[in-house]
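All remarks here apply to the structure that follows.
The values are calculated or read from the model by the stated rules, or taken from the named source; none is laboratory data. Quantities reported herein were computed from a predicted structural model and do not represent experimental measurements. Counting neighbours? That spans all protein chains shown, and the Cβs are built from the backbone with ideal geometry, glycine included.
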Amino acid sequence: MTKQIAFIIALLITAGVFGWTMMRIISFFKLTKCYPVRDFGKRFMVMLEVAFVQTKIFRKPVVGFMHALVWWGFLMILIGSIDMIIDGLFKTERVLSILGPVYNVITASGDIFAFIIFVLITAFLIRRIFMKIKRFSGVEMKHKSHADAIVALKLIQLLMVSLLGMNIFYILDSGFAAHEIEGVFPISMALSGFFTWVSPESVHLWHEIFWWMHILLIFLFANILPYSKHFHVFMSVPNVFLSRLEPLGYLSNMESITKEVKLMMDPDAAFSEPAEEETVQRFGVLDAEDVTWKNYLDSLTCTECGRCTEVCPANITGKILSPRKVLMDLRARMKEKGPGLVKDKSYSDGKSLIRDYITEEELWACTTCNACAQECPVNINHPSLIVDMRRYLVMEEAAGPAELNTVFTNIENNGAPWQFSPEDRLLWAEDIADKDGNKIEVPVLANLAAQGDKPDYIVWVGSAGAFDDRYKKVTREFIKILTHLKINYAVLGVEESDSGDTPRRAGNEMLFQMQAMMNIETLNGYEVKKIITCDPHDYNTLKNEYPDYGGNYEVIHHSQFLQQMIREGKISMKSDLFKDNKITFHDPCYLGRANGEYQAPRDVLNSIQSINVEMKRHKSFALCCGAGGGQMFKEAEKGDKEVFIERIEEAIDTGADIVATACPFCMTMMTDGIKYKNKEEVMKNYDIAELVSMSLGL
């Protein structure tokens, strides 16, 4: 009876402290903004795949497998802990043994995993204490973070020792008392042979000591976790369940901006609907209370593993951005300001998340390549939070970099990032000739519509394809391919305007939505269904983001189109022009990570007679070229080197003669890298469309 009372008291204290802690944390969620949740069936499957099967943790196979074993072991041991709690409450003895063979599986698994976890945690401790793992360091990783990890790992070790000790002395006690052993304990049975020296009179006492040690350590661990980086033990499963389901390249819509843009485009609409009194909301994120509750949940779930920072191209090249730090800063800021806001929603301490915790330099160093989000084992999306802070800087303070402000002005006035007249958008189409020297007339949609014709495809040329001198060559070569294939296509010509990709990722949501709605009005007016583009950024924007505003199209990247033509036998490249050339492909972030397309460009290159080699980092592990998120149009932040130099050095290491690209931004950066490294004589940069065109003799 004494044991039962003591257990109940310990359980009530544990539950009370844990409940108080959780209520305090939950109270901070009330301060944040809405985050819609739907598609529960799909979420459940994502949770099974990422949280329980641990698929993303295996992106580092060895360490990932070790971590997965610890996680799976905890799940099995958790069932045994439930058994102990029931026994403690109701004064029973291994009550779940009524499950028979199932209980044998549970106890055997728990016993085996206890030993495995002890060994693995010891290995993790050695890694942390004696090995210099770069991703475990950083300005955000203070002594407290390292000490926290060590304490948590040692507690887990003690939990496993106490569990094995409890099992060992249960076996010995059952032997001395001639009781049948409930359950199966293969490891403890083997280890019990080392404890035969223990007297029969003290065996039961030792069992009780380890039983109490184990259960009290569980209670202690449960209450330490919310104040530790290991809080992810509780938070990872719900966070993965609630994670974003959209492609990584998608950025969420801002409804408040949408209403304003619609009124700007149609002022009469302001008088056609009854006026609504609305609280003026801040555009973007300045402080902790401006984030969504999902952003805050992300910050609580962050394991501080550093996988995100390890793959960040800005961080790799010595810039001060660390995606991990952004999440840790949000968590720390909410902890600092949250209590005051709970008492008074107008509370201010004169500080903010931006500048006092996260500098503008950090925010503008991001290339929005999504490598951090791809790598995060608990599905945190760092770029969406970074862009939300950029939105505040640009739309509330007009504090964007001067070069980007110039880009915004050019797009607003000219429909392109550069200061070209919109009337010049079709100049690239002049003087295109086929292989026989015959001039190719590029069909314009407006002209076809006037004749009552409707093309099968619209070619979205994009601002770079229309105005960038290097990429205009790619546009022309792709048009030659379409003409050679007798594809029924057209271009918008002067009616096309910038897709808005750069303004959106640089924080100018207002300008993006204006561009989007204007382009959608044009496309829908012509009843466009299928769009082909050579620009992955436009591909992502048209495919994933335009549907939010009524622009629903089948969008095809030119690599996918070429892949389809090759598979159908419509393109057959028998030329041996590149047979002695090594070609390496640089994955565009907004084709690969953002939309999961890695195979199409490789299928195109494999159809060309050449020697294909991969860079060390490729496909989903590929390093960004450094141009995304507005970086192409501004000076890079201070660092050890430029991102494009890091990437071109990797290409050079392959010994390739040709760096193949499939993106105008990537082409610019790779070409600049080749020049910077003085490799123009031995290395060339071609788009896959150019390689196909040359192989076809066009």
- Query: Any residue at all in region 198-218 that is free of Cβ contacts under 8 Å to residues at least 24 places away in the same chain, in contact with a helix residue (DSSP H, G or I) (Cβ under 6 Å, 6 or more places away or on another chain) and of a type outside the set (Asp, Glu)?
  - Reply: no
- Scanning region 505-523 residue by residue, the ones that are part of a loop (DSSP other than H, G, I, E, B), within 21 Å of the chain's Cα centre (by Cα) and at negative phi total 1
- Query: Hey, does region 211-226 have a residue that's within 19 Å of Leu48 (Cα to Cα) and either crowded, with 20+ Cβ neighbours inside 10 Å or modelled with pLDDT of 95 or more (or both)?
  - Reply: no
- Per the filter on region 172-188, residues modelled with pLDDT of 95 or more and more than 45 Å from the chain's Cα centre (by Cα) are none
- Item | Single condition Thr32 does not satisfy, out of (1) at pLDDT 95 or above; (2) in the same structural domain as Phe221 (by TED's automatic domain parsing); (3) of a type outside the set (A, V, I, L, M) | (2)
- Message: Every residue in region 391-443 that is on the phi > 0 side of the Ramachandran plot and basic (Lys, Arg), please.
- Response: none
- Complete set of residues in region 12-32 that are of a type outside the set (A, V, I, L, M, F, W, C) and surrounded by 15 or more Cβ atoms within 10 Å (Cβ to Cβ): Thr14, Thr21, Thr32
- Item | Selection within region 656-669 - touching a Ser or Thr at 6+ places or on another chain (Cβ under 8 Å), outside any loop (DSSP other than H, G, I, E, B) and crowded, with 24+ Cβ neighbours inside 10 Å | Val659, Ala660, Met667
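So which helices (runs of 4 or more DSSP H) are wholly in region 1-93 and hold at least 2 residues that are closer than 25 Å to Ala152 by Cα?
Hits in region 1-93: 2-29, 61-90.
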- Task: Scan (1) among the aliphatic types (A, V, I, L, M); (2) within 30 Å of His146 (Cα to Cα); (3) crowded, with 16+ Cβ neighbours inside 10 Å for the single condition Val198 breaks and write down its number.
- Result: (2)
- Test for Asn379: is it over 30 Å from Leu48 (Cα atoms) and modelled with pLDDT of 95 or more: no
- Please enumerate the residues belonging to region 98-113 that are in a helix (DSSP H, G or I) and either surrounded by fewer than 21 Cβ atoms within 10 Å (Cβ to Cβ) or out of contact with any helix residue (DSSP H, G or I) (no Cβ under 6 Å at 6 or more places or on another chain) (or both). Ile98, Leu99, Pro101, Val102, Tyr103, Asn104, Val105, Thr107, Ala108, Ser109, Ile112
- Only strands (runs of 3 or more DSSP E) wholly contained in region 524-636 count here; list those with 3 or more residues that are in contact with a helix residue (DSSP H, G or I) (Cβ under 9 Å, 6 or more places away or on another chain) and modelled with pLDDT of 95 or more. 530-533, 554-557, 582-585
- Message: Within region 627-635, does at least one residue satisfy the condition of being surrounded by fewer than 20 Cβ atoms within 10 Å (Cβ to Cβ) and either in contact with a Lys or Arg (Cβ under 6 Å, 6 or more places away or on another chain) or of a type in the set (Phe, Trp, Tyr) (or both)?
- Response: yes
- Message: Quick check on region 640-655. Is at least one of its residues surrounded by fewer than 21 Cβ atoms within 10 Å (Cβ to Cβ) and small (Gly, Ala, Ser)?
- Response: yes
- Looking at Asp672, Asp640, Asp657, Asp653, which is the one that is touching a strand residue (DSSP E or B) at 6+ places or on another chain (Cβ under 8 Å) and not basic (Lys, Arg)? Asp657
- Query: Is it the case that region 133-148 has a residue that's in a helix (DSSP H, G or I), under 29 Å from the mean Cα position of the chain (by Cα), closer than 30 Å to Lys325 by Cα and among the β-branched types (Val, Ile, Thr)?
  - Reply: no
- Query: Just a yes or no: is a residue in region 472-488 within 22 Å of Asn410 (Cβ to Cβ) and without any contact (Cβ under 8 Å) to a residue 40 or more places away in the chain?
  - Reply: no
- Message: If Asn685 meets every condition in (1) assigned to a strand (DSSP E or B); (2) surrounded by fewer than 18 Cβ atoms within 10 Å (Cβ to Cβ) apart from one, which number is that one?
- Response: (2)
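Can you confirm whether Ala68 is assigned by TED's automatic domain parsing to the domain that holds Gln157, in contact with a Ser or Thr (Cβ under 7 Å, 6 or more places away or on another chain) and surrounded by 14 or more Cβ atoms within 10 Å (Cβ to Cβ)? Reasoning before the result, please.
On the way: assigned by TED's automatic domain parsing to the domain that holds Gln157: yes; in contact with a Ser or Thr (Cβ under 7 Å, 6 or more places away or on another chain): no; surrounded by 14 or more Cβ atoms within 10 Å (Cβ to Cβ): yes.
For Ala68, the condition - assigned by TED's automatic domain parsing to the domain that holds Gln157, in contact with a Ser or Thr (Cβ under 7 Å, 6 or more places away or on another chain) and surrounded by 14 or more Cβ atoms within 10 Å (Cβ to Cβ) - is not met.
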